[in-house]
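Everything on this sheet refers to the single structure shown next.
Each value in this text was obtained by applying a stated rule to the coordinates, not by laboratory testing. Small disclaimer: the values here were computed from a predicted structure and weren't measured. Neighbour counts are summed over all protein chains in view; Cβ atoms, including those assigned to glycine, are modelled from backbone coordinates with ideal geometry.
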Amino acid sequence: MAEESFYGVTLTAESNSVTWDVDEDYARGQKLVIKQILLGAEAKDNEFNVVEVNTVKDSVQIPIAVLKAGETRAVNPDVEFYESKVTFKLIKGSGPVYIHGHNIKDDVEVVDMEEEDEEDDVVEDEEDEHPKKRAKIEQNAAAAAGDKNAKNNKKK
């Protein structure tokens, strides 16, 4: 069952970087979803505020929001960071910039691929044993053989 909690941080000129990391208790199935990035009301006019994201897992370092008072005060990126340490940094401007989202921890069951393949084989065997399906397969095979014999007889 998934456990979901609110995620929110503030970036300013004094505190311009924050890092989110996976919880050690959840080795798999954890992600951060960023829904909205907002520029605070006290932001300076005509100043661009640029938020950059840096992910360790994928080695991505790219701006995800460019905000300016009087023009763009909010963006809704709806981005997900799955099982990766993520750092948000205010690389330009003095903010404040608010980042909102969800921290989702999902209990993911690790499945052994060999067991899954064996289960698929059992299902296929059961389907082959179904009497109606087997009869239809046999009819199709007989019809195909009959067509082949008819063609061979025409050639002779």
Cα-Cα over 26 Å: which of Lys68/Lys89; Lys57/Lys89; Lys85/Lys105; Lys68/Lys105? Lys68/Lys105
Run through the range 1-45 and list the GluC sites (Glu not before Pro) located in a DSSP loop whose Cβ has at most 14 other Cβ atoms within 10 Å. Glu14, Glu24, Glu42
Cα gyration tensor category, rounded, prolate or oblate, for the range 1-65 with a/c compared to 1.5: prolate
